[in-house]
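J.: Let me give you the structure first, and then I'll get to my questions.
The values are calculated or read from the model by the stated rules, or taken from the named source; none is laboratory data. Please read all numbers here as calculations on a predicted model, not as lab measurements. Glycine gets a Cβ as well: all are built from the backbone with ideal geometry, and neighbour counts include every protein chain shown. These area figures cover heavy atoms from the full protein model, side chains too; ligands, DNA and RNA do not enter into them. Shrake-Rupley method; radii C 1.70, N 1.55, O 1.52, S 1.80 Å.
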Number of protein chains: 2
Amino acid sequence: MSAPRAAARERGPGLGPEPGSSTQTSHRLLAYSDALLSIIATVMILPVAHTKIHPDQKLGESVQQLLLAKIAVYLMTFLIVTVAWAAHVRLFQVIEHIDDVLALLNLACMMIITFLPYTFSLMASFPGVPFGIFLFSVCAVIIGLIQAVIVAYGFYHPHLLNPQIQESENQNFYKRHILKIILRGPVLCFLAAIFSFFFIPLSYVLLGLVIVFPHLSRLITWCKTKVLGQRGEEEEHHSLETFTFYLSEPLSKERVEAFSDGVYAIVATLLILDICEDNVPDPREVEEKFHGSLLEALSQYGPNYLAYFGSFVTIGLLWFVHHSLFLYVTKATRLMGLLNILSLAFIGGLPLAYQLTSEFAEKSHNEIEAIQVSCVITFFASIFQFAIWTTALLNEEETLHAFARYGGKEHAFMFAKLALYPCVSLGAFFLTCLLSEFSTAIFHLMQIVIPFAFLALRIFVRIFLTAIKSVMSLSRRKVVLLEEEEACLSPNETLS
Amino acid sequence: MSAPRAAARERGPGLGPEPGSSTQTSHRLLAYSDALLSIIATVMILPVAHTKIHPDQKLGESVQQLLLAKIAVYLMTFLIVTVAWAAHVRLFQVIEHIDDVLALLNLACMMIITFLPYTFSLMASFPGVPFGIFLFSVCAVIIGLIQAVIVAYGFYHPHLLNPQIQESENQNFYKRHILKIILRGPVLCFLAAIFSFFFIPLSYVLLGLVIVFPHLSRLITWCKTKVLGQRGEEEEHHSLETFTFYLSEPLSKERVEAFSDGVYAIVATLLILDICEDNVPDPREVEEKFHGSLLEALSQYGPNYLAYFGSFVTIGLLWFVHHSLFLYVTKATRLMGLLNILSLAFIGGLPLAYQLTSEFAEKSHNEIEAIQVSCVITFFASIFQFAIWTTALLNEEETLHAFARYGGKEHAFMFAKLALYPCVSLGAFFLTCLLSEFSTAIFHLMQIVIPFAFLALRIFVRIFLTAIKSVMSLSRRKVVLLEEEEACLSPNETLS
């Protein structure tokens, strides 16, 4: 190991650029990339939420007719951006330091990624024309090529690499492995681009494959090890040093948090845009209709304000739960990452739900449907958070802080926090089915009660735990008494 | 000092929650708040950019008539959100750890802040009606009250405070000081709310005061010390221990970066929304007008794509310059923070500029005006970045890393990076004035050339420095020769 490398390692990753050199820590570049990617992943919900539906139309039909294409665009964008994000996370786990050239290459990569939603819009509007899918594939191939250039540049300047890979004898192996991870998507897209001119359905299948491939390959490996036993995996382990840690569990907790924060922040602020554009009355209308009384004119928008605050509270509290959860997590496995992304996809759908509740409030056929859609979206967003926690518990030695593991007081408290939203949204859903007349009242009551429930949750859990303990100790005392009785009886029995 | 406090200090701020307690590090809460605040500050440019202007109208008039109110809303929102952000930064420099209650209170505070743009929209539409300004003032007072509750809660649970304040004898003084900082805005707003029913102009003056007050008070203190000499300030210094560091220089570099990243990220992604909504042709239209050729239909949108990529490249590169600059900065003074915010306000204006360039491309009267507006906005955004650097140089001992100070190679390189955009945008502006026929060509050429200029900048600077050095050494050799000649001559002279 040469002297400057040793110096670089001793200095550690957080101490800023090496004096006089152009090498920088990648922290801020990654934070900026996370912000860009999370915004792009979520922002396509806006065209969905802006779709105008006539209040006298049945929501069921109109959803099918109008929203399907836009929701498809949103989901495709969200999933493909998360795939790109996961590849980006892996790439910058190998390359730990950057310089100006890498920063500019990364920006070029981001520029192409932010253009992807447009190609999806084209695909959704013209599903039978090959141009949309061709354009998408070309973008994906360009992204792959830029990332390959980044890898090549990184391995050509080894001081930019992760110190463990820097020192490794197997640098070429690592290089090939990371190139394989980065290029498999673009290769599939290249094939999709070629087939788009002959047989479009095959192209769509290939695109779908890009999204599920990482998880599919993981599943296949998992099945293989189950069938062939643990031997094969262990062999691999030994030959590849820290391979598993750096390349196979790709999600650094910090970047999962940064990406999630971006999604929560943009979703929380999307609705104020609509409020500002649509709910400012026209001065002339106020003069004519309301005799110049602004307050009266604004009172008609009441449901919209409620929808805005309701949306913000829900998203804010779901962020709060996510934040609490990740305080206890030490490492995010790939499955936890996948569940997190699914949860975020539903979070992204919340503006749509609240757009519905504000548009159909009070006076239309679709009021109950709108509230039920909101409940369902909230339920799925929160149940996937709960699933992250459950998955973490399966591997609690590796993934959780010691004090948060099964059995402690913190564990019970976390459980209560995570269970609150799924229970309440499910409860509200069934209540609206039963008491359809009071659905709006139930929904708003739920929104008002939940924040206070969170504030008082610690007290509730403490009371509950004390109650359980006293019940347990009572029953234990009974058991002890019974045992004593038995013990008193048994001598007689043995005597008799 | 009690034992648990000492333990808390030894554990350091970055090591996660204390086992079994509810105290958490505030890092992620602050990152999320920064993301929310930066998005809210910037997102109000969208209504400005979406204002439709007829291509046959003169841009000069229409800007005056239609855009003024919306631009005012954008600027007011941006400035007031940055004031709220600065107060938030100070607050969480005093309170370093959080618990669930503080996290929920902070979310409530964020909810009211994100509602502020709506009150500005009301004000802009109904400047003569007191309700808009009243609503804004009420929101500001609520924000102030929530933050006061946060302060009270923090000082009631001292283990949440900054360790230096925890140990200080002057805790009550700190409490009063931070309350003063947080409540002076809301008190002014409360007065504005009262006056809004009697005399509206005074309310607006009071609101303006909220924005300029922090800087005004700084200026007054500065003038006072100039007039009364250094004595007064130094006395304060001694009595308040680390007072200046924690309360008077309120901007932690990390949060300035996080806020700026949020603004750059949201601005960079705003345009793709418009592209996705407006530039997907209608399937029926494609069938009728273009005989089913999608490619032909899309070719009419060429200028929009150019505008999108141009916008992304400009914002990306300005982020890159900002990133490079803050790598060299160790501490952000208040003046640097102010300049940064001014730069960000112009960055927020870029989507407007590119909306103009894409709408008026080629075929209207306003082509040159649109390009010139773009150049002016780019120029101001980049010149304020340059001003941050200049301000940092005034205090370079305190604010810059040693290797980046005046005279080094890195200094010259940074200078070149910062000077590139102001020079190019100014050049493009004057070229469009002179060669008005080729203005579009000049503008697009500029956008294509700049990324390559950044890539090659290090080489240019190196060549330039080598050239200067060789010229210097040549001239020095000449000087030496001359001196030698003089030295040869002088004995004669002294002889004569």
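J.: Could you identify the single residue in B:GLU410, B:GLU397 that is acidic (Asp, Glu), open to solvent by 60 Å² or more (accessible area, probe 1.4 Å) and more than 25 Å from B:GLU367 (Cβ to Cβ)? Steps first, please.
T.: Working: B:GLU410 fails: open to solvent by 60 Å² or more (accessible area, probe 1.4 Å).
From the options B:GLU410, B:GLU397, the qualifying one is B:GLU397.
J.: Something else: Restricting attention to the range B:167-202, and to residues there that are open to solvent by less than 20 Å² (accessible area, probe 1.4 Å) and farther than 24 Å from B:TRP85 by Cα, which single residue is modelled with the highest pLDDT?
T.: Ranking the qualifying residues of the range B:167-202, first place goes to B:SER196.
J.: Looking for whichever is touching a residue at least 12 places away in the same chain (Cβ under 8 Å) and facing chain A (nearest Cβ under 10 Å) here; the options are B:LEU298, B:LEU306, B:LEU325. Which one fits? Break it down into steps so the answer makes sense when it comes.
T.: Details: B:LEU306 fails: facing chain A (nearest Cβ under 10 Å); B:LEU325 fails: facing chain A (nearest Cβ under 10 Å).
On inspection, the qualifying residue turns out to be B:LEU298.
J.: Follow-up. Among the candidates B:THR399, B:THR440, which residue alone is among the β-branched types (Val, Ile, Thr) and out of contact with any strand residue (DSSP E or B) (no Cβ under 8 Å at 6 or more places or on another chain)? Lay out the reasoning, then the answer.
T.: Working: B:THR399 fails: out of contact with any strand residue (DSSP E or B) (no Cβ under 8 Å at 6 or more places or on another chain).
One residue alone meets the criteria, B:THR440.
J.: In addition: Kindly indicate the residue of the range A:75-101 that is in contact with a strand residue (DSSP E or B) (Cβ under 7 Å, 6 or more places away or on another chain) and open to solvent by 20 Å² or more (accessible area, probe 1.4 Å) and also farthest from A:PHE213 (Cα to Cα) among those meeting that condition.
T.: Here is the first cut: in the range A:75-101, the residues in contact with a strand residue (DSSP E or B) (Cβ under 7 Å, 6 or more places away or on another chain) are A:94-99.
Cutting the leftovers down to open to solvent by 20 Å² or more (accessible area, probe 1.4 Å) gives us A:96-97.
Details: A:GLU96: 26, A:HIS97: 29 Å.
Residue satisfying both the conditions and the ranking: A:HIS97.
J.: Just the residues that are under 29 Å from A:ARG462 (Cα atoms) and open to solvent by less than 20 Å² (accessible area, probe 1.4 Å), please, taken from the range A:420-445.
T.: A:TYR421, A:PRO422, A:SER425, A:ALA428, A:PHE443
J.: Moving to a separate point now. Using beta carbons and a limit of 8 Å, which pairs, at least six apart or on different chains, have the first residue in the range B:109-135 and closer than 14 Å to A:TYR308 by Cβ and the second one among the acidic types (Asp, Glu) and open to solvent by 30 Å² or more (accessible area, probe 1.4 Å)?
T.: none
J.: Follow-up. On the given criteria, is B:GLN93 touching a Leu at 6+ places or on another chain (Cβ under 9 Å), at pLDDT below 85 and more than 9 Å from chain A (Cβ to nearest Cβ)?
T.: Details: touching a Leu at 6+ places or on another chain (Cβ under 9 Å): yes; at pLDDT below 85: yes; more than 9 Å from chain A (Cβ to nearest Cβ): yes.
So B:GLN93 fits the description; yes.
J.: While we're on this one: Return a yes/no flag: does the range A:439-460 have any residue that is farther than 21 Å from B:ALA108 by Cβ and basic (Lys, Arg). Even if it seems obvious, please write down each step before you answer.
T.: Filtering the range A:439-460 down to residues farther than 21 Å from B:ALA108 by Cβ leaves A:439-442.
Pick out the ones that are also basic (Lys, Arg) and you get none.
No; the residues of the range A:439-460 include none that is farther than 21 Å from B:ALA108 by Cβ and basic (Lys, Arg).
J.: Kindly evaluate B:PHE403 against the criterion of being open to solvent by 30 Å² or more (accessible area, probe 1.4 Å) and under 21 Å from B:ALA345 (Cβ atoms).
T.: Values: open to solvent by 30 Å² or more (accessible area, probe 1.4 Å): yes; under 21 Å from B:ALA345 (Cβ atoms): no.
No; evaluated as a whole, the condition is false for this residue.
J.: How many of the residues in the range A:400-436 are within 14 Å of another protein chain (Cβ to nearest Cβ) and either among the aliphatic types (A, V, I, L, M) or closer than 18 Å to A:HIS323 by Cβ (or both)? Give the derivation first.
T.: At the first step, the residues of the range A:400-436 found to be within 14 Å of another protein chain (Cβ to nearest Cβ) are A:400-405, A:407-414, A:416-418, A:420.
Checking which are either among the aliphatic types (A, V, I, L, M) or closer than 18 Å to A:HIS323 by Cβ (or both) leaves us with A:400-404, A:410-414, A:416-418, A:420.
Matching residues across the range A:400-436 total 14.
J.: State which residue is least open to solvent (accessible area, probe 1.4 Å) when the search covers only the range B:252-266 and only residues that are of a type in the set (D, E, K, R) and at the interface with chain A (Cβ under 10 Å from one of its Cβ atoms). Can you show your working first?
T.: Going through the range B:252-266, the residues of a type in the set (D, E, K, R) turn out to be B:253-255, B:257, B:261.
Adding the requirement that they be at the interface with chain A (Cβ under 10 Å from one of its Cβ atoms) leaves B:254, B:257, B:261.
Values: B:GLU254: 109, B:GLU257: 29, B:ASP261: 11 Å².
Across the range B:252-266, the extreme among qualifying residues is B:ASP261.
J.: Please verify whether the range A:141-152 includes one or more residues that are in contact with a helix residue (DSSP H, G or I) (Cβ under 6 Å, 6 or more places away or on another chain), facing chain B (nearest Cβ under 10 Å) and either within 23 Å of B:LEU295 (Cα to Cα) or open to solvent by less than 20 Å² (accessible area, probe 1.4 Å) (or both).
T.: No, the range A:141-152 contains no residue that is in contact with a helix residue (DSSP H, G or I) (Cβ under 6 Å, 6 or more places away or on another chain), facing chain B (nearest Cβ under 10 Å) and either within 23 Å of B:LEU295 (Cα to Cα) or open to solvent by less than 20 Å² (accessible area, probe 1.4 Å) (or both).
J.: Exactly one condition in (1) among the β-branched types (Val, Ile, Thr); (2) under 30 Å from B:ILE450 (Cα atoms); (3) facing chain A (nearest Cβ under 10 Å) is not met by B:VAL286; state its number.
T.: All conditions are met except number (2).
J.: Now for a different question. Select, from B:ALA148, B:ALA152, the only residue that is modelled with pLDDT of 85 or more and under 26 Å from B:PRO117 (Cβ atoms).
T.: Values: B:ALA152 fails: under 26 Å from B:PRO117 (Cβ atoms).
None of the other options fit; the residue is B:ALA148.
J.: Within the range B:128-140, count every residue that is open to solvent by 10 Å² or more (accessible area, probe 1.4 Å) and either in a helix (DSSP H, G or I) or more than 10 Å from chain A (Cβ to nearest Cβ) (or both). Before you say what the answer is, go through the steps one by one.
T.: First, the residues of the range B:128-140 that are open to solvent by 10 Å² or more (accessible area, probe 1.4 Å): B:128-131, B:134-135, B:138-140.
Within this subset, residues satisfying the condition of being either in a helix (DSSP H, G or I) or more than 10 Å from chain A (Cβ to nearest Cβ) (or both) are B:130-131, B:134-135, B:138-140.
Number satisfying all stated conditions: 7.
J.: Related question: Tell me the helices (runs of 4 or more DSSP H) entirely within the range B:267-342 that contain at least 1 residues that are basic (Lys, Arg) and within 23 Å of A:ILE133 (Cα to Cα). Talk me through it step by step, then tell me what you get.
T.: Working: elements: B:283-289, B:294-299, B:302-328.
Helices (runs of 4 or more DSSP H) meeting the threshold: B:283-289.
J.: How many residues are under 13 Å from the mean Cα position of the chain (by Cα) and open to solvent by 10 Å² or more (accessible area, probe 1.4 Å) when one looks only at the range A:313-336?
T.: 2
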